[in-house]
Amino acid sequence: MLERLRADWEFIQADLIAEVDKDFGVFEGRVFKTELFARYLSRYQIAWLRISLQSGIPSQSKRLCRSLSNTLENIFNEIRSGMRSLTIADIKEILRIEIRKSILHSHHVHPGTNEFSEDSVQESLRHQRTRKENLKSTLRQNLKEYESRIDQTLEAIFSSKEIELHRDSVDYKQLRRNFVMIHNLRLKWSENLLENRVVKIQTVKQKQRLC
């Protein structure tokens with residue numbers, strides 16, 4: 001029973017969160033979003049938590065503030081204690097999954113095209129090249145914006161694996177940059193598959209003319 005719980009824990013968590021969150025809408029997947037929580041409070045005119053120090057003596061107020069700060073820090077540390085740090089094994093696994101997804105995506109382009117029609121393949125090839133150039137343009141002009149979209153993807157991945165997120169760490173930045181490279185390669189792989197198909201069609205046509 002324990003092994004089954006461990007194996008299905010991520011799905012159980014997702015179902016529990018979805019059930020609780022249906023009346024609030026403050027989660028994205030399994031990730032709590034402060035901005036969604038703020039919207040919920042604003043929608044129902046619920047005031048943010050405020051604490052009155054009830055003291056006009058500055059020295060007492062400062063001591064109380066320090067005490068509250070330490071208490072909150074301890075609470076956050078307890079929450080983070082259940083998380084673990086990003087490891088090389090984690091990075092390899094995350095990248096391996098993303099590469100596999102990219103390979104599957106690139107192969108999906110081919111079945112979506114009439115592979116017996118050169119016009120159809122050429123049209124798909126033009127579309128794929130446009131997507132590749134658009135991505136290159138986005139990376140040149142708005143790299144930060146594209147990286148922020150990857151941050152959202154990685155945040156969900158880290159949360160599902162209970163990995164503590166440190167966006168300023170060298171390992172995280174390299175992982176994010178690898179995601180950018182993989183997305184670029186995904187379009188390149190799709191383009192190569194279509195180019196190869198065009199060559200095959202043209203080769204068949206040449207053989208037919210020779211016959």
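The values are calculated or read from the model by the stated rules, or taken from the named source; none is laboratory data. Keep in mind it's a predicted model, so treat the numbers as computed, not measured. A quick note on method: Cβ atoms are made from the backbone with ideal geometry, for glycine too, and the neighbour counts reach across all protein chains shown.
Test L187 against the stated conditions and say whether it is in a helix (DSSP H, G or I), surrounded by 17 or more Cβ atoms within 10 Å (Cβ to Cβ) and under 20 Å from the mean Cα position of the chain (by Cα). Against the criterion (in a helix (DSSP H, G or I), surrounded by 17 or more Cβ atoms within 10 Å (Cβ to Cβ) and under 20 Å from the mean Cα position of the chain (by Cα)), L187 qualifies.
Matching residues to (1) farther than 28 Å from L86 by Cβ; (2) in contact with a strand residue (DSSP E or B) (Cβ under 7 Å, 6 or more places away or on another chain); (3) among the polar types (S, T, N, Q); (4) in contact (Cβ under 8 Å) with a residue 24 or more places away in the chain:
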position	(1), (2), (3), (4)
H127	yes, no, no, no
Y146	no, no, no, yes
E155	no, yes, no, yes
H166	no, no, no, yes
L175	no, no, no, yes
V180	no, no, no, yes
R197	yes, no, no, yes
K200	yes, no, no, no
Q208	yes, no, yes, no
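Confirm whether K144 is basic (K, R) and either modelled with pLDDT under 90 or farther than 22 Å from H183 by Cα (or both).
no
Of the residues making up region 147-162, those that are basic (K, R) and at pLDDT 90 or above number 1.
Which ones in region 1-38 are assigned to a loop (DSSP other than H, G, I, E, B) and at pLDDT below 65? Answer for region 1-38, where residues must be assigned to a loop (DSSP other than H, G, I, E, B) and at pLDDT below 65: M1, D8.
Taken over region 165-176, the criterion of being within 13 Å of the chain's Cα centre (by Cα), assigned to a helix (DSSP H, G or I) and either more than 15 Å from A89 (Cα to Cα) or aromatic (F, W, Y) (or both) is satisfied by Y172, R176.
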